[in-house]
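Q: Please read through the structure below; I'll follow up with questions.
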Amino acid sequence: MTMRHDKSGRPIPQLLAEDGPSFSFEFMPPRSERAEAVLWNSVRRLEQLRPTFVSVTYGAGGSTRDRTVRITGRIEQETTLRTMAHLTCVGSSVAELRRVVGEYASVGISNVLALRGDPPGGPAAPWIAHPEGLDHADKLVSLVRSLGDFTVGVAAFPDKHPESASLEDEADALVRKADAGAAFAITQMITDVDAYLRLRDLVVARGCTMPIIPGLLPVTAVGQLQRLTELNGQPLAADVVARIEAAGEDVTAVRREGIAICTEHSERLLREGAPGLHFMTMNKSTATLEVFANLRQSSLV
């Protein structure tokens, strides 16, 4: 099996269905010229792997949002990569959301990941919708679909969203997003493969065939897992925490263990039939390249 690259023609869900497991990478909008240089170095290195698509996360409001649109457009126009843009409801009226979608369309973007987004105070803060905005991702899916020929993806939460009462509720929410027009989902960072499998099976049991792509992050530094948990409100698998902590303060050992964990999770997910793997790169390519090399060695890519 090899990574496929098909920028024109078939939409992402068709690639997933016809070509087998996909491999995709997530980048963040850089906050400085120096960070932008690091990003472009990573983009060019990972471009050589010919991923199914790449995505760029969304900064709501002000220059961060503008930078997101600009970077996403540059990747789409200046590389061979198929690009997916993130979009959130946070702090935006429907009119503003329409404008951003129009900006994406103007630079050739036809794939959008539609997210409600976290409150500015973090996942634990109360959600307050913009008075002229939207308060659920399924409504954003419907809006984006109404504005043109977009393929829309959504987020999935294998450990359930902080506001969901149960994993069953989370599965119901995913089905609503699919009914609104979402074509695939990408999970928050997975540290427990069983949690992903439970959510996938609940969605299938509801008669929904929307592909759910697991999101993965090769941990390369002490404290990285905890920081990400605080950012996305998702718990960490105890065995992963124990393995990272066992490496102590040895930077090399932590990095080696993090890459080993990500490789093991990737291998199991593919063997369990995951439609693909979505790597959160943190704008750095080396660790992701190492995981991919390990998967190639295992003949899984």
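Q: Closer than 21 Å to Met282 by Cα, open to solvent by 30 Å² or more (accessible area, probe 1.4 Å) and either out of contact with any helix residue (DSSP H, G or I) (no Cβ under 6 Å at 6 or more places or on another chain) or at pLDDT 95 or above (or both) - does that describe any residue in the stretch 185-199?
A: So far as the stretch 185-199 goes, yes, one or more of its residues are closer than 21 Å to Met282 by Cα, open to solvent by 30 Å² or more (accessible area, probe 1.4 Å) and either out of contact with any helix residue (DSSP H, G or I) (no Cβ under 6 Å at 6 or more places or on another chain) or at pLDDT 95 or above (or both).
Q: Output yes when any residue across the stretch 177-198 is closer than 20 Å to Phe53 by Cβ, out of contact with any Gly (no Cβ under 6 Å at 6 or more places or on another chain) and of a type in the set (Phe, Trp, Tyr), and no when none is.
A: yes
Q: Moving on to the next point. In the stretch 254-268, what residues are within 14 Å of Pro218 (Cβ to Cβ), surrounded by fewer than 19 Cβ atoms within 10 Å (Cβ to Cβ) and not acidic (Asp, Glu)?
A: Arg256, Ala260
Q: Note down all Cβ pairs under 6 Å where the first residue falls in the stretch 106-121 and is among the charged types (D, E, K, R), the second is open to solvent by less than 30 Å² (accessible area, probe 1.4 Å) and modelled with pLDDT of 85 or more, and they're at least six residues apart or on different chains.
A: These pairs meet every condition: Arg116/Cys89; Arg116/Ala137.
Q: Cβ-Cβ distance below 9 Å, separation of 6 or more or different chains: which pairs start in the stretch 244-256 with a residue that is over 14 Å from Leu225 (Cα atoms) and end on one that is of a type in the set (A, V, I, L, M, F, W, C) and open to solvent by 80 Å² or more (accessible area, probe 1.4 Å)?
A: Pairs found: Ala253/Ala246.
Q: Next up: Write out, first by first residue and then by second, each pair whose Cβ atoms fall under 6 Å of each other, whose residues are 6+ apart or on separate chains, and whose first residue, in the stretch 172-194, is in contact (Cβ under 8 Å) with a residue 60 or more places away in the chain while the second is among the hydroxyl-bearing types (Ser, Thr, Tyr) and open to solvent by 20 Å² or more (accessible area, probe 1.4 Å).
A: What qualifies is Ala183/Thr151.
Okay, residues lined up against (1) over 19 Å from the mean Cα position of the chain (by Cα); (2) among the hydroxyl-bearing types (Ser, Thr, Tyr):
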residue	(1), (2)
Gly215	no, no
Thr220	no, yes
Gly223	yes, no
Arg243	yes, no
Gly248	yes, no
Val254	yes, no
Ser266	no, yes
Arg271	yes, no
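Q: Considering only residues that are surrounded by 16 or more Cβ atoms within 10 Å (Cβ to Cβ) and either modelled with pLDDT under 95 or polar (S, T, N, Q) (or both), which ones fall in the stretch 138-148?
A: Residue satisfying the conditions is Ser142 alone.
Q: Name the residues in the stretch 29-80 that are modelled with pLDDT of 90 or more, open to solvent by 50 Å² or more (accessible area, probe 1.4 Å) and of a type in the set (Ser, Thr, Tyr), would you?
A: If the condition is that a residue be modelled with pLDDT of 90 or more, open to solvent by 50 Å² or more (accessible area, probe 1.4 Å) and of a type in the set (Ser, Thr, Tyr), then Thr80 is the only one that fits.
Q: Still on this model: Of the numbered conditions (1) farther than 25 Å from Gln14 by Cα; (2) in contact (Cβ under 8 Å) with a residue 12 or more places away in the chain, Ala238 satisfies every one except a single condition; which is it?
A: (2)
Quick grid of which residues meet (1) outside any helix (DSSP H, G or I); (2) under 30 Å from Gly20 (Cα atoms):
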site	(1), (2)
Tyr58	yes, yes
Arg65	no, no
Thr72	no, yes
Leu81	yes, yes
Tyr104	no, yes
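Q: Continuing with the same structure: Please go through the stretch 286-300 and pick out each residue that is at pLDDT below 90 and either among the small types (Gly, Ala, Ser) or open to solvent by less than 20 Å² (accessible area, probe 1.4 Å) (or both).
A: Answer for the stretch 286-300, where residues must be at pLDDT below 90 and either among the small types (Gly, Ala, Ser) or open to solvent by less than 20 Å² (accessible area, probe 1.4 Å) (or both): Ser298, Ser299.
Q: Within the stretch 274-286, is even one residue among the basic types (Lys, Arg), touching a residue at least 24 places away in the same chain (Cβ under 8 Å) and in a helix (DSSP H, G or I)?
A: no
Q: Could you check Arg271 against (1) surrounded by 13 or more Cβ atoms within 10 Å (Cβ to Cβ); (2) modelled with pLDDT of 90 or more and say which number it fails?
A: (1)
Q: Considering only the stretch 91-137, how many residues are within 15 Å of Arg65 (Cα to Cα), at pLDDT below 90 and open to solvent by less than 30 Å² (accessible area, probe 1.4 Å)?
A: The qualifying residues number 1.
Q: Quick one: would you say Gly215 is small (Gly, Ala, Ser), more than 14 Å from Lys160 (Cβ to Cβ) and touching a His at 6+ places or on another chain (Cβ under 8 Å)?
A: yes
Q: With the requirement that a residue be touching a residue at least 12 places away in the same chain (Cβ under 8 Å), more than 18 Å from Glu272 (Cα to Cα) and more than 19 Å from the chain's Cα centre (by Cα), what does the stretch 15-38 give you?
A: Arg31, Ala35, Glu36, Val38
The values are calculated or read from the model by the stated rules, or taken from the named source; none is laboratory data. Just so you know, these numbers come straight off a predicted model, no measurement behind them. No Cβ is skipped: glycine too gets one built from the backbone with ideal geometry, and neighbour counts run over all protein chains shown. Accessible surface is based on the protein model in full, side chains and every heavy atom, while ligands, DNA and RNA are left aside. Shrake-Rupley method; radii C 1.70, N 1.55, O 1.52, S 1.80 Å.
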